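Chemist: Below are the structure tokens for one structure; questions will follow.
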Amino acid sequence: MFTVLPALAPDPILGLSAAYREDTNPNKIDLGVGVYKDENGNTPIMAAVAAAQTKLLEQETSKTYITPQGVQGYIDNMLSLILGKGNTAVLADRVAAVQSPGGCGALRVLAELVKRATPDAKVWVSDPTWANHIPLIGDAGLELAKYPYFDKASASIKFDEMIDTLKQVKKGDIVLLHGCCHNPTGADLTKEQWQSVLEVAQQTGFIPFVDLAYLGFGDSLEEDAYGLRLLVDNLPEVIIAASCSKNFGLYRERVGLAAVVCADSATRKIVQSQIQSVARAIYSMPPSYGGQLVNIILSDETLTAQWQDEVNEMRDRMKTLRQLLVTNLHKQGSSKDFSFVEQQKGMFSYLCIEPEKVREVREKFSVYFVDSSRVNIAGINKNNVEPLAKALVSVL
Ligand code: LMR
């Protein structure tokens, strides 16, 4: 019966990792999937996570089922982390939340929840957005639309056009926003721009859906939550998907959070029951291991401080790599001014070069990054930056 199905092209991001693994060129460079790498190209287990694993091994006495909402301590700690300690919506019992299998799990569960509540709601996503937003939300049966976001020619946000489009969004429609470190462009809204988005949401009644996958990789763990907190503090309803893949380095453990800020406590109870029923219908309950690790870290002052230092170190290193790339590109005589790369934030930069050039640099030099021209900054290091810059300049 399955012969009726067509074979599909590889995933635009994960497919690159497979192609990279198969490439036998010893000088290949991987700037594809969004995974942090150290100077030696390794993705180490963070020291705070390793310490939490040791503690968990000592403490855990059973592998019996957990509940559909996941590890409650994890949920409470994550809400404090992303919304700030003592957040008024949390204190007013207005926030429904479940631990989810990664940020992807959160996005899907929340899309299914929206579908249950308002099947006709359109979900507006930035143009461009993370490639996997489209199937995660679209396959839940929701209609997608795009709002203008990034101008490749000037390598900057088209904010006026974005706002003009958002002003046309219908009440009850959903607008997906990247909380920080926009994936794929690395171009983030300023505080003033977040304020304007808030005002348009207040005028039109659209519901923000904030995807927060890179908290701490932009400016700081606190500053990166600015936009999300502004919306949560000033709107009755906000939908939130958060991930611990990057900032805790827990990629394969699939640790995320799906949360909904509701208008009041009574609605919170309804939404909590609905999200849990969505989760039960898809995967029953989340894997507990990663959530327990994050819970151990965030429940312990010393481990929290250690983890924060590690996040700060990763962020600082990525900032240095941005400078290193720009300097090397200019040193190799690039006619294109790449200084915008230094202004972009987080793990990704959009090099604003054509897909044919991206494929050419892959074929000729085994440099792997997404066709859109998104590069994973963390894949750069002192040894590969010069050949990388040479390869890029030679195809441009
Ligand atoms: C990325 O954008 O590269 C990451 O979020 C990994 C993924 O699943 O696509």
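Chemist: Only one of these conditions is not met by residue 121: (1) under 22 Å from the mean Cα position of the chain (by Cα); (2) open to solvent by less than 40 Å² (accessible area, probe 1.4 Å); (3) touching a residue at least 24 places away in the same chain (Cβ under 8 Å). Which number is it?
Modeler: (1)
Chemist: Moving on to the next point. Looking at the stretch 255-278, is at least one residue surrounded by fewer than 24 Cβ atoms within 10 Å (Cβ to Cβ) and within 16 Å of the ligand (Cβ to nearest atom)?
Modeler: no
Chemist: Being assigned to a loop (DSSP other than H, G, I, E, B) and modelled with pLDDT under 95 is the filter; apply it to the stretch 9-25 and report the residue that is farthest from the ligand (Cβ to nearest atom).
Modeler: Of everything passing the filter in the stretch 9-25, 9 is farthest from the ligand (Cβ to nearest atom).
Chemist: Might you check whether a residue that is away from the ligand (no atom under 16 Å from the Cβ), modelled with pLDDT of 95 or more and either of a type in the set (Lys, Arg) or open to solvent by less than 30 Å² (accessible area, probe 1.4 Å) (or both) occurs anywhere in the stretch 28-47?
Modeler: Checked against the condition, which is being away from the ligand (no atom under 16 Å from the Cβ), modelled with pLDDT of 95 or more and either of a type in the set (Lys, Arg) or open to solvent by less than 30 Å² (accessible area, probe 1.4 Å) (or both), the stretch 28-47 yields at least one hit.
Chemist: Here is a follow-up. Looking only at residues that are in contact with a Phe, Trp or Tyr (Cβ under 8 Å, 6 or more places away or on another chain) and part of a helix (DSSP H, G or I) in the stretch 171-195, which one is least open to solvent (accessible area, probe 1.4 Å)?
Modeler: That would be 194.
Chemist: Please verify whether the stretch 212-220 includes one or more residues that are within 16 Å of the ligand (Cβ to nearest atom), at pLDDT 95 or above and more than 12 Å from the chain's Cα centre (by Cα).
Modeler: Kept after step one, since they are within 16 Å of the ligand (Cβ to nearest atom), are these residues of the stretch 212-220: 212-218.
Those left that are additionally at pLDDT 95 or above: 212-218.
Imposing the further condition that a residue be more than 12 Å from the chain's Cα centre (by Cα) reduces the set to none.
The answer is no; no qualifying residue exists.
Chemist: Output the residues belonging to the stretch 262-313 that are within 24 Å of residue 217 (Cα to Cα) and not in a helix (DSSP H, G or I).
Modeler: Correct list: 299, 300.
Chemist: Okay, next question. Please give the number of the condition residue 83 fails out of (1) outside the structural domain of residue 362 (by TED's automatic domain parsing); (2) without any contact (Cβ under 8 Å) to a residue 40 or more places away in the chain.
Modeler: With respect to (1) outside the structural domain of residue 362 (by TED's automatic domain parsing); (2) without any contact (Cβ under 8 Å) to a residue 40 or more places away in the chain, residue 83 is out only on (2).
Chemist: Working carefully through the options 111, 52, 106, 97, find the one that is touching a residue at least 24 places away in the same chain (Cβ under 8 Å), outside any helix (DSSP H, G or I) and surrounded by 23 or more Cβ atoms within 10 Å (Cβ to Cβ). If you could, list the steps in order and put the result at the bottom.
Modeler: Working: 111 fails: outside any helix (DSSP H, G or I); 52 fails: outside any helix (DSSP H, G or I); 106 fails: outside any helix (DSSP H, G or I).
Only one candidate qualifies: 97.
The values are calculated or read from the model by the stated rules, or taken from the named source; none is laboratory data. All of these numbers come straight from a predicted model, not from anything done at the bench. Virtual Cβ from ideal backbone geometry, glycine too; neighbours counted across all protein chains shown. Side chains are part of the model used for accessible areas, which takes the heavy atoms of the whole protein and leaves out ligands, DNA and RNA. Shrake-Rupley method; radii C 1.70, N 1.55, O 1.52, S 1.80 Å.
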